[in-house]
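Please treat every number below as a calculation from the coordinates, not as lab data. Computed from a predicted structure; not experimentally measured. Glycine also receives a Cβ, built like all others from the backbone with ideal geometry; neighbour counts cover every protein chain displayed.
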Amino acid sequence: MSKAKENKDRKIKVLVSKVGLDGHDRGAKVICSLLKEAGMEVVYLGMYQMPKDVIDAAIDEDADVIGPSFLSGEHLVYTPLLVEEMKKAGLDDVLLIAGGVIPAEDIPTLKEMGVKEVFTAGSLTEPIIKYIRNNVRR
Amino acid sequence: MKATEKVVPVTEQKDVDWDKYLAAYYEKPKSSLTWSGLDVKEVYTPEDLPLEKYNDIGDPGQYPFTRGIHRNMFRGRYWTRREVIGMGSPQDTHDRSKILVEEGGSGLNTIADIPYEMGLDADHPWAQNEVGLTGVCITNMYDMETMTADIPLDKVSWSLITASTVAVVTMAQYAAVAKKRGYDLKKLRGTVQNDPVHFRYCGFRPACPLDLSVKLGADVMEYCTKEMPLWYYTTVNLYDLREQGVTAPQEVAFGFLIARLYIDEMIRRGYKVDDFMQRFAFYVSCHIDIFEEVSKIRAARRIWAKLMKEHYGAQKASSQQFRFAVHTAGCSLVPQQPLNNIVRIAYQALAAVLGGVQSLHCTSYDEPVCLPTENGHTQALRTQQILAYETGVTNVSDPLGGSYYVENLTNKLEEEIYKIMAEVDKVGGMYEAIRTEWLDRVFEKEALTRQKEIDDLDKILVGVNMFTTEQETTTPLGVQRISKASVKRQIEMVKKLKKERNQALWKEKILALKAAAERRENVLPYMIEATEAGATTGEMMGAVRLAYGYPYDPIEIIEAPF
């Protein structure tokens, strides 16, 4: 099988994680189930992960997408650290998307930091799936 | 140009879909299910409410309290207008609390942040980035002194929202400060949430081992019953369970079964329910389906009264009464078109009041965006005040009592709640349902169903799956940020305290606490002494955790300093 064909057949692999101390994980678990139902392979790291833990896991799992889930306002603290770890590890083609309770005002800031897209609380599932399919490395 | 001359031009709308307009004119609701999926009829008649059943309803103030715990209800006293506050440093939280009191709030209500609920000191390596982001971090007695400074503790009723095992620390810190300021503990009024069992489901599992949750929950209940008899020593939190995505009857069934874990522990310690149940309270969600929420509350009151009387043998009315505060449903709010949340919250608050609530927190409109801004907070209080002072809902007790529909729905919810309780019995009772993660699986399944209902338009959410607009780029009343400087100062003060306290006295008291926990004694009196000797939240929790065989640090990165 050619490399291109192999990549095409391989399921999209998404790594979802909480970051830091915040354990509000209802949204993270729901999105994991929905992405699985959409045919993606999903790894949920769970709670109490620090940025380096998340990126180490993304390397181990060869994840195509990294999806940190935030609620407590710590997105501005941990996103730069996640991006820094991604850069160190050379994960240039891995798609970083964030979800959770995030003020509209912070979305441009997160994008400047290196998050490709933000899906806030109250998002529907279909746009998330479409976004991942259209923007994941191939 | 003068301000009065400025005209905002009317937006030009070129194309209108008139077919859509016509469809909307004739449109009927797609579903007639309640929010929790109960099937209801088009109309209810006297046949749905046989009068011989009235004894099962009773008048307000009469067993089984279906219609409320007081005969005169709000004519006797308004519900407490108690907005939850917790942000930044103890000083920031103190200041915001006083603002809301000045604006007409009638109860103080402060919430712990994530490090505090986890039992981590502000200087814990994992806590430092998160101090004050979601509440207030009290690491020692001096933080509690700052938060409560110059507030007359004998005049206020203070609700302390610490839900995890750390509630016992919060009580020790509050009691120590009150004693230092010369107050008689027996006269203090207030509430501590103290429901560690449920809190494992809010992301605090490492801080809430199941055995310690029941033990420490009961320690607070036992101590307050003896030493602080006016204090509500728990508000068993049904609200947080509902926020996991479960239905109205699941909320009550699961919450009641968790409440029974504490009551059974108190009975095991040799108490009778009439000795201690007078100060047992609940925290309930009010979601958007007004009639279902009112019926849920009415059913809950009836079930609780019967359970207390028939199962536990409670004789006193105050041991049979279901007393509750309401937190309007945060999970029903969305960031899209955020001002709409004010309307959602108002309906939910109305349901709470029609249900006979004792104390109410109206969520602020910016709940799905950030911590409340000062304006957002004040607006939420205004929602309560409009309801209390303008609408006339306070005139009559249980105004929906006798409604064919509401009485029927109350009966139906009661049946559903009993059915769910029986399911938990089948898996071996609540302790087993938690230990085996049966309850986790229920929560996950229900949360997924809720999202699919929105995705599939089975439930309408304005601004999300209908009547959508472009994504907002700003939040109407701004975003609440936390002062990094004030948090930094707090962390430095903790470090200073740890260096400068009387080390010999501190060590003696913290070891005494650990020894008491090892002897399985009530730890709260030892915590008061330890906190007076400068022991911190993390140290005191760590001492108790070690005595029960758990790692000192729930995150497992720092070692015990004793």
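Quick one: grab the alpha carbon gyration tensor of chain B, order the square roots of its eigenvalues as a ≥ b ≥ c, and give me rounded if a/c is under 1.5, else prolate or oblate depending on whether a/b is larger than b/c. It is oblate, given that a/c is not under 1.5 and a/b is not larger than b/c.
Taking 7 Å steps out from each Cα toward its Cβ at B:Ala515 and B:Arg268 produces label points 2.6 nm apart.
In terms of the mean number of neighbouring beta-carbon atoms within 10 Å, the peptides B:362-375, B:272-285 order highest first as B:362-375, B:272-285. Per-residue Cβ neighbour counts within 10 Å put B:Leu188, B:Leu133, B:Leu511 in the sequence B:Leu511, B:Leu188, B:Leu133, beginning with the fewest. Arranged from fewest to most other beta-carbon atoms within 10 Å of their beta carbon, B:Asp398, B:Asp184, B:Asp95 become B:Asp184, B:Asp95, B:Asp398.
Compared with the direct C-alpha span, the chain from B:Lys53 to B:Asp455 gains 140.6 nm at full extension, assuming 0.36 nm per residue. For the residue pair B:Leu33 and B:Arg481, what label-to-label distance in nm results when each label sits 7 Å from Cα along the Cα-to-beta-carbon direction? Placing both labels 7 Å along Cα→Cβ, they lie 4.5 nm apart. Across the stretch B:447-472, the residues whose backbone nitrogen lies under 19 Å from the label position 7 Å along the beta-carbon direction of A:Arg133 are B:452, B:455-457.
Taking every DSSP helix (H) stretch of at least 4 residues in the protein assembly as shown, weighting each as -39,500 (n - 2.57) and dividing the sum by the residue count yields a mean residue ellipticity at 222 nm of -14000 deg cm²/dmol.
A Cβ-based charge dipole, computed about the Cα centre of the stretch B:188-341 with Lys and Arg at +1 and Asp and Glu at -1, lands at about 380 debye.
The separation of the stretch B:444-500 from the stretch B:10-67, counted between C-alpha centres, amounts to 30 Å.
Over the C-alpha atoms of the stretch B:486-547, the Rg to Rh ratio, Rh being the Kirkwood estimate, stands at 1.03.
Legend: mean number of C-beta atoms from other chains within 10 angstrom of residue C-beta atoms, peptide A:16-28, equals 5. Straight-line cross-link reach from B:Lys498 at under 21 Å between alpha-carbon atoms covers these lysines, not counting any fewer than eight positions away in the same chain: B:Lys180, B:Lys488, B:Lys507, B:Lys509, B:Lys514. Each residue of the stretch B:487-493 was assigned a 3J(HN,Hα) from its phi angle through the Karplus expression (A = 6.51, B = -1.76, C = 1.60, θ = phi - 60°), giving 5, 4, 4, 4, 5, 4, 5 Hz with x at Gly and Pro.
Computed extension length for B:Val43-B:Tyr548: 176.1 nm, one decimal, from 0.36 nm per residue of separation with the Cα-Cα distance subtracted. Fully extending the segment from B:Lys445 to B:Lys316 would add 42.5 nm, taking 0.36 nm per residue of separation and subtracting the current Cα-Cα distance.
When the charge dipole of the stretch B:486-547 is built from unit charges on Cβ atoms (+1 for Lys and Arg, -1 for Asp and Glu) and taken about the Cα centre, the candidate among B:Thr537, B:Val523, B:Ala512 whose Cα reaches farthest toward its positive end is B:Thr537. What is the distance in Å between the Cα centroid of the stretch B:303-376 and that of the stretch B:159-177? First find each Cα centre; the distance between them is then 22 Å. Across the stretch A:12-131, Cα pairs under 8 Å and at least six residues apart give a relative contact order of 27 percent. Modelled spin-label separation between B:Ala504 and B:Gln62, with each label point placed 7 Å from Cα along the Cα-to-Cβ direction: 6.8 nm.
Relative to the dominant Cα principal axis of chain B, helix B:290-306 is inclined by about 50°.
Here the contact order of the stretch B:486-547, divided by its residue count and restricted to Cα pairs under 8 Å and six or more residues apart, works out to 39 percent. Assuming charge only on the beta carbon of Lys and Arg (+1) and of Asp and Glu (-1), the dipole of the stretch B:284-393 about its Cα centre is about 640 debye to the nearest 20. Computed from backbone phi, the HN-Hα couplings of the stretch B:404-414 come to 3, 5, 5, 5, 5, 5, 4, 4, 5, 5, 4 Hz, rounded to whole numbers (Karplus: 6.51 cos²θ - 1.76 cosθ + 1.60, θ = phi - 60°; Gly and Pro given as x).
Once you average over the residues of B:111-118, how many Cβ atoms of partner chains fall within 10 Å of each Cβ?
2
Think of chain B as a dipole: +1 on every Lys or Arg Cβ, -1 on every Asp or Glu Cβ, centred on the Cα centre; then among B:Gln320, B:Ala253, B:Pro9, B:Gln320 lies furthest on the positive end.
Placing unit charges on the Cβ atoms only, positive for Lys and Arg and negative for Asp and Glu, gives the protein assembly as shown a dipole magnitude near 1280 debye about its Cα centre. Could you work out how far the C-alpha centroid of the stretch B:70-130 sits from that of the stretch A:100-138, in angstrom? The stretch B:70-130 and the stretch A:100-138 have Cα centres spaced 32 Å from each other. Taken residue by residue and averaged, Cβ atoms of other chains lying within 10 Å of the Cβ of B:443-451 number 4. Each of B:Trp506, B:Trp438, B:Trp18 was scored by other Cβ atoms within 10 Å of its Cβ. Listed from fewest to most, they are B:Trp18, B:Trp438, B:Trp506.
In loop segments of the stretch B:462-562 as defined by DSSP, the GluC sites (Glu not before Pro) with at most 11 further C-beta atoms inside 10 Å of their C-beta are B:Glu470, B:Glu556, B:Glu559. When only Cα pairs below 8 angstrom with a gap of at least 6 residues are kept, the stretch B:33-82 shows a relative contact order of 17 percent.
Angle of helix B:374-389 to the longest C-alpha principal axis of chain B, folded into 0 to 90 degrees and rounded to 10: 60°. Please name which of A:Ala98, B:Ala172, B:Tyr283 has its Cα lying farthest along the dipole of the protein assembly as shown towards the positive end, using unit charges on Cβ (Lys, Arg +1; Asp, Glu -1) and the Cα centre as origin. Farthest towards the positive pole: B:Ala172.
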